[in-house]
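Notes follow the structure.
The values are calculated or read from the model by the stated rules, or taken from the named source; none is laboratory data. Since this is a predicted model, take the numbers as computed values, not measurements. Because the Cβ atoms are built from the backbone with ideal geometry, glycine has one as well, and the counts that use them run over all protein chains shown.
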Protein chains: 2
Amino acid sequence: MGDVFKALADPTRRIILDELTDRNGQTLFEICSRLATKHQLGSSRQAISQHLDVLETAGLVETRREGRYKFHYINTGPLEPIIERWLNRPERP
Amino acid sequence: MGDVFKALADPTRRIILDELTDRNGQTLFEICSRLATKHQLGSSRQAISQHLDVLETAGLVETRREGRYKFHYINTGPLEPIIERWLNRPERP
DNA sequence: TTGACAGGCAAGTGTCTACTTGCGTAACGT
DNA sequence: ACGTTACGCAAGTAGACACTTGCCTGTCAA
C-alpha cells in the first residue's frame, strides 16, 4: 500500500482523479485524450500510465481488465480518514 | 500560497501537525524536543524549521511572534475543501 | 555588557520523482 | 496471417526536495 498523501501531491494525478470523478471507468487512452482536450495537458501515455500506477498503489484507483481494455475506477475510501486526523481539536489561545 | 497537498506529502510534516493538534502554540524548540522524545524523530532544528515554513506557506500553520519566541498554531481551514473535491459522485458500474 | 538562548538565511549535497525513450506483449479486426 | 490497437516493462535523465552545514541577527538574563 502506497502513500495516499504522496499520491495526491502531484497536480496531474489530482486532475486524473477529477476526470475519473467526472466519468468513472475510463481506459488509459480515454484519460489521455480527455486530459489533452479538456485540461490542455500534454502528458504522454506512459506518464499517465505511471500516474495511474501510483494512484492504484495508494488505493485511490481500482482497475478491471476486459480483453485488451483496462478500466479505471476512483476509490474514495482512503480519502475519508486522512483529514479527520487533524480536525476536532484545538483552538487558538 | 503553497500547495496544501505537497505540504501534506511529507511524513515529518504530518507528525508536526499531529504534535500541534496535541498541543497548539508551540515554539520551534518545543516541537524539536517533543518530536525527538515522543516520536523518535532525529530531525535537526533547521529541518523542522524548513518544514514549518512549508506548512505556513500552505496555510496549514499560522505563527505569532512574542519577543524571541515564535509560536506555531495549526490551521485546519485549508483541509476541509480538499477532500470533498472527489466525494459525492460516482459509483462502480 | 557579556553570554546564552531562540531563531533566520543561504549555499551545498544526496536522494527521490516525474518524465522520456525504446522495445515488447497480448487482444482484436479483417 | 497480418497489421493495428491497448497496454506493459525498464533504463536513463533532469529537476525537485529534504537535509545538512555554517554563519548571522535579535532577545533576554545576570
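Kindly provide the set of residues from region A:2-24 that are charged (D, E, K, R) and under 8 Å from the mean Cα position of the chain (by Cα), ordered by number.
Result: A:Arg13, A:Arg14, A:Asp18.
What are the pairs with Cβ atoms under 7 angstrom where one residue, in region B:9-36, is within 11 Å of another protein chain (Cβ to nearest Cβ) and the other, located anywhere, is within 13 Å of DNA strand C (Cβ to nearest atom) and of a type in the set (Gly, Ala, Ser)? Sequence gap at least six, or different chains.
Every condition considered, the pairs that remain are B:Ala9/A:Ala9.
If the requirement is being touching a Phe, Trp or Tyr at 6+ places or on another chain (Cβ under 7 Å), away from DNA strand D (no atom under 14 Å from the Cβ) and either in a helix (DSSP H, G or I) or closer than 30 Å to B:Arg23 by Cα (or both), which of these qualifies: A:Thr21, A:Thr37?
A:Thr21
Would you be able to say whether some residue in region B:60-72 is closer than 18 Å to A:Arg85 by Cβ and surrounded by fewer than 18 Cβ atoms within 10 Å (Cβ to Cβ)?
no
Which residues, taken from region B:40-57, are within 8 Å of DNA strand D (Cβ to nearest atom), touching a residue at least 24 places away in the same chain (Cβ under 8 Å) and surrounded by fewer than 16 Cβ atoms within 10 Å (Cβ to Cβ)?
Result: B:Ala47, single match.
Can you find a residue that is modelled with pLDDT under 95, at the interface with chain A (Cβ under 8 Å from one of its Cβ atoms), more than 10 Å from DNA strand C (Cβ to nearest atom) and touching a Gly at 6+ places or on another chain (Cβ under 9 Å) anywhere in region B:70-84?
No, region B:70-84 contains no residue that is modelled with pLDDT under 95, at the interface with chain A (Cβ under 8 Å from one of its Cβ atoms), more than 10 Å from DNA strand C (Cβ to nearest atom) and touching a Gly at 6+ places or on another chain (Cβ under 9 Å).
With A:Gly2, A:Gly67 as the choices, which residue is within 16 Å of DNA strand D (Cβ to nearest atom), away from every other protein chain (no Cβ under 11 Å) and within 25 Å of B:Ile16 (Cα to Cα)?
A:Gly2 is the lone residue from the list that is within 16 Å of DNA strand D (Cβ to nearest atom), away from every other protein chain (no Cβ under 11 Å) and within 25 Å of B:Ile16 (Cα to Cα).
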